[in-house]
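Participant: Supplied in structure tokens, the structure appears directly below.
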Amino acid sequence: MPLVSMNEFLPKAKANKFAVGQFNMNNLEFAQAIVEAAMEEKSPFIYGVSEGALKYMGIEFTVAIAEAAAKKSGLPIALHLDHGSSFEVAMKCIRAGFSSVMFDGSHYGLEENIELTKQVVKAARAMGVSVEGELGTIGGVEDDLSVDEADATMAKPEEAIRFYEETGVDCLAIAVGTAHGMYKGEPKIHYDIIQQVADAIPVPVVLHGGSGVPDEAIRLSIAAGVGKINVNTENQVACTEAIRQALEASATVIDPRKYLTPARNAMKAVVQEKIRLFGSSNQA
Ligand code: 13P
């Protein structure tokens, strides 16, 4: 199966109240772990690729790896630019074979964010590529909970609804209290904001910063209208802990396969658990 746009599975997720996972791809082992878990669960999924990961892997390798995963698995897989910062980078990814892009204009004012996102949607749609937009500020890895909980960073439902109506994005990331990276405490998710926006627009709300969010909070978010959930840090932690353990267990190991195999297995277990929690098993 070729790579697909998110519209291959997001409408079904919205209608049947489950969420599709975006698992970030940082290297070959991440890609393999994610697709192996999804194959066992018969689940659609999204490979998220940040601009940093693109730089690390190279755009040709990134696309080739995702295409190989789609071909081998037969699953509906979207290859999605995560937090694309410009029209140009989005177009570069589309030309290289990405089936989906995020344009993150959240650092612009509302009007400019709408205008820039519209341009990406127009160009992407012509090529059958899906688009995610973002509104409100989702905290970064350095941010602590008190900053992320500040109401000033939350998306305003009426603005999110207008953003959807004017841009026509295929899914919409809104700041609702989660943050990228692990949490020091429990994130306080504003389910009311999710619900208000999700009830008013026909596409799913996206939850960024899925790592470390308690299972019950994930279930409540999906019930409120989240249909796409992003996970990266939990896989990074699982990967690095497994490598650290393997290296600590043997001072003489030199074959990378000896520590990358447990790392890949650890990530596969994380992804499989998330897929089950998100309810996307057997939805491929
Ligand atoms: P985490 O790293 O917190 O899981 O967030 C991932 C993410 O939202 C990528 O856009």
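The values are calculated or read from the model by the stated rules, or taken from the named source; none is laboratory data. On a predicted model such as this, the values are computed, not experimentally measured, just so you know. Glycine gets a Cβ as well: all are built from the backbone with ideal geometry, and neighbour counts include every protein chain shown. Protein only, heavy atoms only, side chains kept; ligands, DNA and RNA dropped before computing areas. Shrake-Rupley method; radii C 1.70, N 1.55, O 1.52, S 1.80 Å.
Participant: Please go through the stretch 166-186 and give me each residue that is in a helix (DSSP H, G or I) and under 17 Å from VAL206 (Cβ atoms), ordered by number. So that I can check it myself, show each step before the final result.
Facilitator: Of all residues in the stretch 166-186, those in a helix (DSSP H, G or I) come to 166-167.
Correct list: THR167 only.
Participant: Of the residues that make up the stretch 244-257, is at least one surrounded by 14 or more Cβ atoms within 10 Å (Cβ to Cβ), in contact (Cβ under 8 Å) with a residue 24 or more places away in the chain and either assigned to a helix (DSSP H, G or I) or touching a helix residue (DSSP H, G or I) at 6+ places or on another chain (Cβ under 9 Å) (or both)?
Facilitator: no
Participant: If I filter the stretch 185-215 down to residues being free of Cβ contacts under 8 Å to residues at least 40 places away in the same chain, within 13 Å of the ligand (Cβ to nearest atom) and not aliphatic (A, V, I, L, M), which single residue comes out as farthest from ILE138 (Cα to Cα)?
Facilitator: Residue satisfying both the conditions and the ranking: GLY212.
Participant: Looking at (1) open to solvent by less than 50 Å² (accessible area, probe 1.4 Å); (2) charged (D, E, K, R); (3) within 16 Å of the ligand (Cβ to nearest atom), find the lone condition where GLU241 falls short.
Facilitator: (1)
Participant: Confirm whether LYS14 is in contact (Cβ under 8 Å) with a residue 60 or more places away in the chain and either over 15 Å from the mean Cα position of the chain (by Cα) or within 22 Å of ARG125 (Cβ to Cβ) (or both). Spell out how you get there, then give the answer.
Facilitator: Numbers: in contact (Cβ under 8 Å) with a residue 60 or more places away in the chain: yes; either over 15 Å from the mean Cα position of the chain (by Cα) or within 22 Å of ARG125 (Cβ to Cβ) (or both): yes.
When the stated conditions are applied, LYS14 passes them.
Participant: Within the stretch 64-103, can you find the residues that are within 14 Å of the ligand (Cβ to nearest atom) and free of Cβ contacts under 8 Å to residues at least 40 places away in the same chain?
Facilitator: Result: LEU81, GLY84, SER85, VAL101, PHE103.
Participant: State which residue is modelled with the lowest pLDDT when the search covers only the stretch 77-112 and only residues that are in a loop (DSSP other than H, G, I, E, B), of a type outside the set (S, T, N, Q) and closer than 30 Å to SER281 by Cβ.
Facilitator: In the first step, residues of the stretch 77-112 are kept if they are in a loop (DSSP other than H, G, I, E, B); the result is 85-86, 97-99, 104-109.
With of a type outside the set (S, T, N, Q) added as a condition, the list becomes 97-98, 104-105, 107-109.
Then drop every residue that is not closer than 30 Å to SER281 by Cβ, which leaves 97-98, 104.
On the way: GLY97: 98, PHE98: 98, ASP104: 95.
In this case the residue turns out to be ASP104.
Participant: Further question on the same structure: For the stretch 236-251, state whether one or more residues are touching an Asp or Glu at 6+ places or on another chain (Cβ under 7 Å), farther than 23 Å from SER5 by Cβ and of a type in the set (S, T, N, Q).
Facilitator: No: the stretch 236-251 contains no residue that is touching an Asp or Glu at 6+ places or on another chain (Cβ under 7 Å), farther than 23 Å from SER5 by Cβ and of a type in the set (S, T, N, Q).
Participant: Where residues in the stretch 40-58 are crowded, with 17+ Cβ neighbours inside 10 Å and over 17 Å from the mean Cα position of the chain (by Cα), which of them is farthest from the ligand (Cβ to nearest atom)?
Facilitator: GLU41
Participant: Just need a number here: residues in the stretch 202-216 that are open to solvent by 10 Å² or more (accessible area, probe 1.4 Å), within 20 Å of ALA15 (Cα to Cα) and out of contact with any Leu (no Cβ under 7 Å at 6 or more places or on another chain).
Facilitator: Narrowing the stretch 202-216 to residues open to solvent by 10 Å² or more (accessible area, probe 1.4 Å): 202-203, 212, 214-216.
Of the ones still in play, those that are also within 20 Å of ALA15 (Cα to Cα) are 202-203.
Still in the list and also out of contact with any Leu (no Cβ under 7 Å at 6 or more places or on another chain): 202.
Residues that pass the stated criteria total 1.
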